[in-house]
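A short write-up of the structure that comes next.
The values are calculated or read from the model by the stated rules, or taken from the named source; none is laboratory data. If you're wondering where the values come from, they're calculated on a predicted model, not measured in any experiment. Cβ placement follows ideal geometry from the backbone for every residue including glycine, while neighbour counts extend to all protein chains displayed. SASA here: full protein model, heavy atoms, side chains in, ligands and nucleic acids out. Shrake-Rupley method; radii C 1.70, N 1.55, O 1.52, S 1.80 Å.
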Number of protein chains: 2
Amino acid sequence: LRKATAQQLKEHNQRLVSKAIYTGQATSRAAIAQETRLTRPTVSQIVGELLQAGLVQEVGPGASSGGKPPMLLGFNDDAYQIIGLHVGGRNSIGAVTDLRGRILTRAVQPSARSEDEGVLLGLCLVLDELRAQATRPLLGIGVSAPGLVDYERGVVHYSANLGWRDLPLKEQLATRCGDRAPIFVDNDTNLAALGERVFGVGGGVDNMVIVMAGTRGIGAGVIINGEIYHGTTGGAGEIGHMPIADHGVPCVCGRQGCLEAVASGWALIRRAQEAAVLYPNSTLSTLAPDTFTFENVRQAVEAGDPVAVALAREAGRYLGLAVATLISTVNPQRVVVGGSVSELGEPFFDSLRCTVAEHTLSLLADQTEILPASLGTDVNALGAVAQVLMGELGLV
Amino acid sequence: LRKATAQQLKEHNQRLVSKAIYTGQATSRAAIAQETRLTRPTVSQIVGELLQAGLVQEVGPGASSGGKPPMLLGFNDDAYQIIGLHVGGRNSIGAVTDLRGRILTRAVQPSARSEDEGVLLGLCLVLDELRAQATRPLLGIGVSAPGLVDYERGVVHYSANLGWRDLPLKEQLATRCGDRAPIFVDNDTNLAALGERVFGVGGGVDNMVIVMAGTRGIGAGVIINGEIYHGTTGGAGEIGHMPIADHGVPCVCGRQGCLEAVASGWALIRRAQEAAVLYPNSTLSTLAPDTFTFENVRQAVEAGDPVAVALAREAGRYLGLAVATLISTVNPQRVVVGGSVSELGEPFFDSLRCTVAEHTLSLLADQTEILPASLGTDVNALGAVAQVLMGELGLV
C-alpha cells in the first residue's frame with residue numbers, strides 16, 4: 001500500500017514521451033501531446049530534457065498543416081550502446097548493440113564446465129573484449145544464465161548445466177569486471193522469450209510463450225502483458241521434466257517420461273543411435289555410433305532419410321503435447337519454438353502443429369500462432385539487451 | 001501510451017485508504033498516513049469522503065501515545081450488500097453477502113439444460129429472490145458462468161455445458177432483470193480461484209492455481225499478482241482436454257487420453273462401473289450399474305473398499321500429472337484442488353501429492369503447497385462477490 005508519488009508520475013510521463021518517439025508513434029511535440037494526452041508545456045519540458053541528454057534529436061521540419069511546420073524529433077539510436085551476454089554450457093557469448101538491438105560486434109569464449117571460476121573467467125573475458133570495442137557510453141549490461149535465477153538480486157540459485165549453486169553473478173561481475181554500468185541478470189529462456197518479443201517474431205504480442213528445445217535441455221519462457229513472467233520462485237516455464245510420455249523413457253534426472261527424455265537434442269541422438277542399429281538401410285547406420293552428433297541427425301532429416309524424418313516427427317509430436325498443455329494453461333497469442341531441435345524443419349513443425357490441433361480446444365488452437373524462432377544463437381544475448389532497454393529507459 | 005491523470009491518482013489514493021481500513025492495516029488517520037505515505041491533509045480529506053459515503057465509521061478513541069487519543073476508524077461491512085450468482089448445468093445458485101463475503105442468504109433454482117431461455121429464467125428467478133431479501137443497497141452483482149467468457153463485455157462465447165454460444169449474459173441480465181447495480185461476469189473456474197484467494201485457503205497468496213475437478217469436467221483458474229489471469233482469449237486454465245494419458249481412454253470430445261477422460265467425476269463413474277463387473281468382491285458390484293452416481297463411488301472410497309480406493313488413487317495420479325505441469329509452467333505458491341472429485345479424501349490427495357513430487361523439479365515442488373478447497377459449493381458465487389468488491393471498491 002503505497003501512494004503514487006510525483007516522482008513516479010514524472011518518470012512515467014518521461015517514459016511515455018521517450019517511447020512515443022522511439023516507436024515512431026509520434027514525432028512532433030504536438031503529436032506527442034495528442035498521443036500521450038500530456039499538456040504541450042509538459043511535453044516541451046520533457047523533450048527538452050531528452051534533447052539535452054542526447055537521447056532525442058531534432059531531425060528537421062515536417063509537413064505544415066497550415067501554420068509553421070513542426071520540428072520533427074528522432075530517437076538517437078547511438079546515444080548509448082548495450083552489452084548482452086549469454087553464459088552457456090560450452091561457450092560464453094556476447095554482443096554490443098545500439099539502442100535498437102542492432103548487433104555491432106560479437107565475442108565468444110569457451111566455458112570450462114562445472115567450474116565457477118572457469119565459467120566466470122570466460123564471461124569476464126567476453127565482457128572485457130566487448131567493452132573495449134564499444135564506441136559509445138554503455139547504457140547497461142544484460143546477462144543471460146541457465147537455471148533458476150533470482151533476477152531481482154542477480155543470483156543464480158541453481159544451474160545443473162554450469163554446476164552453480166547460489167552464485168551472486170551480478171555482484172561478482174560488478175566486482176571482478178570493475179564495471180559501473182547497471183547489470184541485469186535473468187534466466188536464459190526467459191530472455192529468449194523477451195528477445196524474440198522485442199527484436200524477433202513476437203512483435204506486438206502481449207502474451208507469448210517460447211519453447212527452447214536445445215541439445216542439452218528444454219525450457220519455456222512466458223511473457224504476460226508484455227513482460228517476463230517469472231513465477232513465485234523464478235521457476236515459471238521449467239517444463240523440461242514435465243511428464244509427457246506414459247511409457248517411461250528414462251531421463252537423465254532419474255525419472256521417466258520427462259519431456260527432455262523424448263524431445264531434446266540428446267534424446268534425438270539416443271533415438272538415432274538405436275535406429276542406426278535397427279534400420280540398416282537408413283543413412284543413420286552409416287555413421288559411427290559413438291561419434292553421433294545432433295548435426296548428423298539434422299543432416300539426415302534434411303536429406304530426407306525416412307527413419308530420420310520419422311524421428312523428427314516423433315520429437316515434434318512430443319513437443320506438440322507440451323505446447324498443447326502450455327496453450328491450455330497460458331492461452332498465449334503466439335508460441336515460438338527455438339533451439340537446435342527446431343532446426344529439424346518441416347517434418348518436425350508439421351508434426352508439432354498437427355499434435356497441437358489434435359489436443360487443444362479448437363477455439364484456442366485456431367487463435368494461437370506457432371512460429372519458429374528467428375534470432376538463432378543471438379536470441380539470449382538480444383533478450384539481455386532488451387532487458388536493459390526496458391529496465392533503464394522503459395522503451396520496449 | 002496514456003498519461004496518468006489526476007483523477008486516476010485520486011482514485012488510486014482513495015482505494016489505498018479504503019483498503020488500509022478494510023484490511024485493518026491502519027485504523028487511525030495518522031497510521032493511514034504512515035502506512036500509505038500520503039500527507040495527513042490528503043488522508044483526512046479522503047477519510048471524510050468515506051465517512052460521508054457510509055463506507056467507514058468512527059468507532060471510538062484509541063490508546064493515546066502521549067497526546068490526544070486518536071479516533072479509530074472501522075470499515076462498515078454493512079454499507080452495501082453484494083449478490084453472487086453461479087449458473088451451473090443443473091442449478092443456478094446464488095447468495096447475498098455483506099462486504100466481507102459473509103453469506104446472509106442463499107437461493108437456488110433448477111436450470112433447464114441446453115435452453116438459453118430456461119437457464120436465463122432460472123438465473124433471473126434466483127436474482128429476483130435474492131434482491132427481495134437484500135436489506136441494504138447493492139454494491140453490485142457478480143455472475144459465474146461455465147465456458148469461454150469475455151469478462152470485459154460480459155459475453156459467454158461458448159459453453160458446452162449450457163449449450164450457449166455468444167450469449168450477451170451481462171446485457172440480458174441487465175435488461176431482463178431490470179437491475180441498475182453494476183454487473184460483473186466471469187468464467188466459473190476463474191471465479192473459484194478468486195473466491196478461494198479472497199475468502200478461502202488462498203489468503204495472502206499472489207500467484208495461485210485452482211484445479212476444479214467436478215462431476216462434469218475439469219478446469220483450472222490462474223491467479224497472477226493477485227488478479228485473475230484470463231489469457232489472450234479467455235482460455236487460460238482450460239485444461240480439461242489436455243493430453244494426459246498416453247494409452248488413449250476415449251473422451252466425450254472425441255479425442256483420447258484427455259484429463260477429463262481419466263480424472264473427472266464421470267470418468268470415475270465409468271471406471272467404477274467397469275470395476276463392479278471385474279471385481280465381484282468389491283462393494284461397487286453390489287450397486288446397480290445403470291444407477292451409479294459419483295456419491296456411490298465416494299461412499300465406497302470412504303468405507304475403505306480397496307477397489308474404490310484404488311480408483312481414487314488413480315484419479316489422484318492423473319490429476320497429479322496435470323498439477324505437475326501447472327507447477328512447471330506457472331510456478332505458483334499454492335495449488336488448491338476443489339470440485340466433487342476432491343471429496344475423495346486422503347487416498348486421492350496422497351496419490352496426487354506423491355505424483356507431483358515425482359514429476360516436478362524438487363526445487364519447485366518443495367515450495368508449492370497443495371491444499372483442498374475450503375468453500376464447497378459456495379466457491380463460485382463467493383468468487384463473483386470478490387470480483388464485485390475488487391471492481392467497485394478495489395478492496396481485495
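For the protein assembly as shown, the dipole from Cβ point charges (+1 on Lys and Arg, -1 on Asp and Glu) about the Cα centre works out to 2120 debye, to the nearest 20.
Rounded to the nearest 0.05, the FRET efficiency derived from the C-beta distance between residue B:377 and residue A:256 at R0 = 30 Å is 0.20. Close amide H contacts of residue B:164 (hydrogens built in the peptide plane, cut-off under 5 Å, sequence separation of 5 or more or a different chain): B:159. Which angle from 0 to 90°, rounded to the nearest 10, does the C-alpha axis of helix A:346-359 make with the longest principal axis of chain A? In chain A, helix A:346-359 runs at an angle near 90 degrees to the longest axis. Treating r as the C-beta distance of residue B:285 and residue A:266 and R0 as 51 Å, the FRET efficiency rounds to 0.55.
Ligands, DNA and RNA excluded, the heavy atoms of residue A:238 present near 50 Å² of accessible surface to a 1.4 Å solvent probe. The label-point distance for residue B:121 and residue A:303, in a model that sets each label 7 Å from Cα toward Cβ, rounds to 7.3 nm.
If you sort B:318, B:158 by accessible surface, 1.4 Å probe, largest first, the order is B:158, B:318. Computed on the stretch B:292-396, with alpha-carbon pairs under 8 angstrom and 6+ residues apart, the relative contact order is 29 percent. Lysine pairs in chain B with Cα distance under 29 Å, only those 8 or more apart or on different chains: how many are there? The result is 5. The accessible area of residue B:22, taken with all protein chains in place and a 1.4 Å probe, comes to roughly 20 Å².
Shape class for the stretch B:1-81, computed from the alpha carbon gyration tensor (a ≥ b ≥ c): oblate, with a/c not under 1.5 and a/b at or below b/c. Of B:11, A:302, the residue with the largest accessible area leads and the full order is A:302, B:11 (1.4 Å probe).
Cβ-Cβ distance of residue A:153 and residue A:274, R₀ of 51 Å, FRET efficiency by 1/(1 + (r/R0)^6): the value works out to about 0.70.
Distances between placed amide hydrogens fall under 5 Å for residue A:72 paired with A:59, A:60, A:62, all partners being 5 or more residues away or on another chain. Amide H contacts for residue A:92 (H built 1.01 Å from N in the peptide plane; partners 5 or more residues away or on another chain; cut-off under 5 Å): A:109, A:111.
Entry note, chain B: the mean residue ellipticity at 222 nm calculated from DSSP H runs of n ≥ 4, each adding -39500 (n - 2.57), is -12500 deg cm²/dmol after division by the residues and rounding to the nearest 500.
For the stretch B:238-277, the fraction of C-alpha pairs farther apart than 12 angstrom is 53 percent. Computed over the protein assembly as shown, the alpha-carbon pair-distance distribution with 10 angstrom bins reads 3, 12, 19, 22, 21, 14, 7, 2, 0, 0, each value a whole percent. For the stretch A:1-155, the equivalent ellipsoid derived from the Cα gyration tensor has semi-axes of 40, 20, 11 Å, listed largest first.
If the segment from residue A:362 to residue A:65 were pulled out straight at 0.36 nm per residue, it would be longer than the present Cα-Cα gap by 102.0 nm.
Using a 7 Å projection from Cα along Cα-to-Cβ, the label point at residue B:254 is separated from the same position in the remaining copies by 4.5 nm, smallest value first.
About its Cα centre, the dipole of the stretch A:99-202 is roughly 480 debye, where the only charges are +1 on Lys and Arg Cβ and -1 on Asp and Glu Cβ. Inter-copy label distances at residue B:270, shortest first and taken from points set 7 Å along Cα to Cβ: 3.2 nm. When Rg and the Kirkwood Rh are both derived from Cα coordinates, the Rg/Rh ratio for the stretch B:36-95 amounts to 1.27. The 3J(HN,Hα) values that the Karplus relation (6.51, -1.76, 1.60; θ = phi - 60°) gives for the stretch B:131-145 are, in residue order, 4, 5, 8, 5, 10, 9, x, 8, 6, x, 10, x, 10, 9, 9 Hz. Gly and Pro appear as x.
In the full protein context, the stretch B:229-373 carries 38 Å² of accessible surface per residue, based on a 1.4 Å probe and ignoring ligands, DNA and RNA. What the phi angles of the stretch A:162-172 give under the Karplus curve with 6.51, -1.76 and 1.60, with θ = phi - 60°, is a coupling list of 9, x, 8, 9, 6, 8, x, 4, 4, 4, 5 Hz, glycine and proline written as x.
Dividing the convex hull volume of the alpha-carbon atoms in chain B by its residue count gives 178 Å³ per residue. Look at the dipole of the stretch B:246-396 built from charges on Cβ: of B:347, B:322, B:337, the Cα furthest out on the positive end belongs to B:322.
Distances between equivalent label points of residue A:394 across the copies, with each point positioned 7 Å along Cα→Cβ, amount to 1.8 nm, shortest listed first. The 3J(HN,Hα) values that the Karplus relation (6.51, -1.76, 1.60; θ = phi - 60°) gives for the stretch B:391-396 are, in residue order, x, 8, 10, x, 8, 10 Hz. Gly and Pro appear as x.
Sorting A:266, A:164 by accessible area puts them as A:266, A:164; the probe is 1.4 Å, largest comes first, and only protein heavy atoms count.
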